[in-house]
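Read the structure below first, then the notes.
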Amino acid sequence: MPTSGFPPARGIPPAVPQPCGEGTGGAGPTEVAGDGPTAGSGRPPAAGGGPTDGLAALVPRLAAALPREAVVDLARDLIRAVTVNPPGREARAAAVAIPWLERHGFAVTTYEPRPGRVNVIARRPGAEPGPTLLWCGHLDVVAAGDPSAWPHPPFAAVLDGGRLYGRGAVDMKGPVAAALGAAAALARLGGPRRGTLVLALVADEEAMGRHGAGWLARRGLLRADGAIVGEPTRLHLVRAQRGAAWIHLRLRGRPAHAATPHLGASAVAAAARLVLALEERVGDVFHPLLGPPTAVVGRIRGGDSPNRVPERCDLVVDRRAVPGETEEGVRREVQALIGEVLRRHPGVTATITRWRWAEPAETPEDAAVVQVVRAAVRAVTGQDPPEAGTVAVTDMRYLVRAGIPTVIFGPGRPDLAHAPGEFIPVEELAEGALLYAVAFAGWLGVAGA
């Protein structure tokens with residue numbers, strides 16, 4: 001999930017309040033000129049006739065069709081459906097989302113890799129053929145921690161001062177509700193004219209997605225011509241993310257009495273030097289949106305007595321990678337650093353006992369999905385969105401690996417994710433829903449009643 005560092009989001013005109021429930025939201029069919037993005041091309045729509053032409057004229061109708069109060073209520077219900085991972089139990093949140101999706105014309109399929117670990121894929125095709133747009137968000141959340149650190153109970157979904165408080169308010173049940181609200185607004189205007197809108201509500205993102213987006217992608221169940229991952233970005237456009245290697249290392253030395261350290265070989269001393277070597281590494285790679293790679297030793301345990309030269313020390317390293325780096329290259333780099341350190345500590349050996357890799361991901365600036373999201377923000381605000389990279393690891397990587405150009409874009413402050421007192425401003429939730437609706441319309445058109 002993205003981290004802090006984004007400047008404040010620019011104000012977006014609030015949508016016109018709309019009573020809850022079904023409705024047309026308008027007075028007749030609306031069509032957007034153009035044939036849509038070229039499927040699989042990654043190229044932006046053609047100038048002067050692409051799907052983003054006429055979007056500004058659609059904004060008032062989409063805003064009027066947006067069920068704002070119902071979106072807030074939906075977000076509250078999703079927060080109350082506790083899905084802390086582990087164990088996940090995303091079926092609880094799926095049971096909230098599925099009736100909403102079916103009520104707005106989506107065909108829903110569920111996949112359950114393990115009991116309770118439910119993934120939802122909802123599809124709504126247009127009347128005409130065209131490319132597919134995927135919106136992807138996760139239903140699991142991290143633990144709330146100490147409830148006393150929260151201004152309100154973390155799963156009560158309290159509204160206070162224009163803010164919705166609760167675990168998952170930004171990461172990412174609020175964005176899920178915004179996307180479902182956007183889908184409802186499009187449905188009220190008649191649904192997509194062309195192509196297919198797919199909403200994937202997935203499990204297990206907070207534990208690297210093995211039972212969620214990763215599981216679906218490996219089976220070919222996530223297919224699209226462009227995708228939006230709805231993680232909170234403060235409504236900034238993110239098209240690059242770091243990857244990560246989680247590396248478990250075990251160093252073994254030679255024990256001896258602390259009074260005669262020259263007879264031993266300290267695993268802890270070697271580990272201390274290795275920690276500095278890893279964290280002080282100056283790479284020759286620099287990404288314009290993400291900066292350089294980083295490494296942090298998040299855990300170290302060694303020794304068993306103050307009067308004994310330590311025989312063993314265990315480390316866990318978080319090594320963040322940037323696009324252009326590979327798993328093989330990062331492994332070679334780590335092994336080279338280990339070799340340099342051990343040459344200074346005769347008698348100590350090191351073994352990588354566990355290695356877990358999540359690749360970095362990037363989408364080209366001229367990809368159709370990048371252009372459509374930019375156009376949606378421009379139609380609503382009159383300006384292009386700020387652009388950034390995220391140093392976190394998200395489900396974007398699975399989609400890019402599957403050949404789907406993908407951006408990350410969603411409401412909410414990233415620095416509040418996983419934090420006590422997590423909240424999302426109600427107005428920003430509505431802003432996100434409107435921007436999603438305009439982006440959906442830019443890609444798919446609007447069929448009319």
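Only the coordinates and a few stated rules stand behind these numbers; no lab work does. For clarity, every value in this text was computed on a predicted model and none was experimentally measured. Glycine also receives a Cβ, built like all others from the backbone with ideal geometry; neighbour counts cover every protein chain displayed.
Would you tally the net charge around residue 267, using a Cβ to Cβ cut-off of less than 12 Å, leaving residue 267 out, and scoring K and R as +1, D and E as -1?
For residues surrounding residue 267, the net value is +4.
Please list, in order along the stretch 58-70, the HN-Hα scalar couplings obtained from phi with the Karplus expression 6.51 cos²θ - 1.76 cosθ + 1.60 (θ = phi - 60°), rounded to whole Hz, x for Gly and Pro.
Computed from phi, the couplings for the stretch 58-70 are 7, 4, x, 5, 5, 4, 5, 7, 6, x, 4, 5, 5 Hz.
Compare the Cα positions of 290, 272, 253 along the charge dipole of the stretch 236-304 (+1 at Cβ of Lys, Arg; -1 at Cβ of Asp, Glu; about the Cα centre) and return the one farthest towards the positive end.
Toward the positive end, the furthest listed residue is 253.
Once the Cβ-Cβ distance between residue 109 and residue 69 is put in as r, and R0 is 41 Å, what FRET efficiency do you end up with, to the nearest 0.05?
Between residue 109 and residue 69 the formula returns 0.90.
Note the full-extension length gain between residue 82 and residue 149 as 0.36 nm times their separation in residues minus their Cα-Cα distance, in nm to one decimal.
Residue separation times 0.36 nm, minus the Cα-Cα distance, leaves 22.3 nm.
State the extension gain, in nm to one decimal, for the chain segment bounded by residue 366 and residue 272, taking 0.36 nm per residue of separation less the distance between their alpha-carbons.
29.3 nm
Within the stretch 331-353, find all residues whose amide N lies under 11 Å from a label point positioned 7 Å from the Cα of residue 254 along Cα-to-beta-carbon.
Those under the cut-off are 346-348.
Compute the distance in nm between two label points, each set 7 Å from the Cα along the Cα-to-Cβ direction, one at residue 337 and one at residue 296.
1.4
Please give the net charge around residue 418, taking every other residue with its beta carbon less than 11 angstrom from that of residue 418, where Lys and Arg add +1 and Asp and Glu add -1.
Summing Lys and Arg as +1 and Asp and Glu as -1 gives -3.
Quick one, which of [x] 156; [y] 130; [z] 142 is the actual volume of the Cα convex hull per residue in Å³ calculated for this model?
Only one listed value fits the structure, namely [z].
Using a simple charge model, +1 on the beta-carbon of Lys and Arg, -1 on the beta-carbon of Asp and Glu, nothing else, what dipole does the chain show about its Cα centre, in debye to the nearest 20? List each step's numbers first, then the result.
Details: 48 positive and 44 negative charges, 248 e Å.
It comes to approximately 1200 debye.
Determine ³J(HN,Hα), in whole Hz, for all residues of the stretch 108-121 in sequence, where each value follows from phi through the Karplus function 6.51 cos²θ - 1.76 cosθ + 1.60 and θ = phi - 60°; x replaces Gly and Pro.
Here the 3J(HN,Hα) series is 10, 10, 10, 10, 10, x, 9, x, x, 8, 8, 10, 10, 10 Hz.
List the residues, sorted by chain then number, that are 5 or more residues from residue 84 or on another chain and whose placed amide H is less than 5 Å from its amide H.
141
Grab the Cα-Cα distance for residue 352 and residue 56, subtract it from 0.36 nm times how many residues apart they are, and report the gain in nm with one decimal.
Gain in length upon complete extension: 101.1 nm.
What FRET efficiency comes out for residue 156 versus residue 305 if R0 is 51 angstrom and r is the Cβ-Cβ distance? Round to the nearest 0.05.
Details: r = 48 Å, r/R0 = 0.94.
The pair residue 156/residue 305 has a calculated efficiency of 0.60.
Each label point is 7 Å from the Cα along the Cα-to-Cβ direction; what then is the distance between the points at residue 223 and residue 207, in nm?
Between residue 223 and residue 207, the simple spin-label model gives 3.0 nm.
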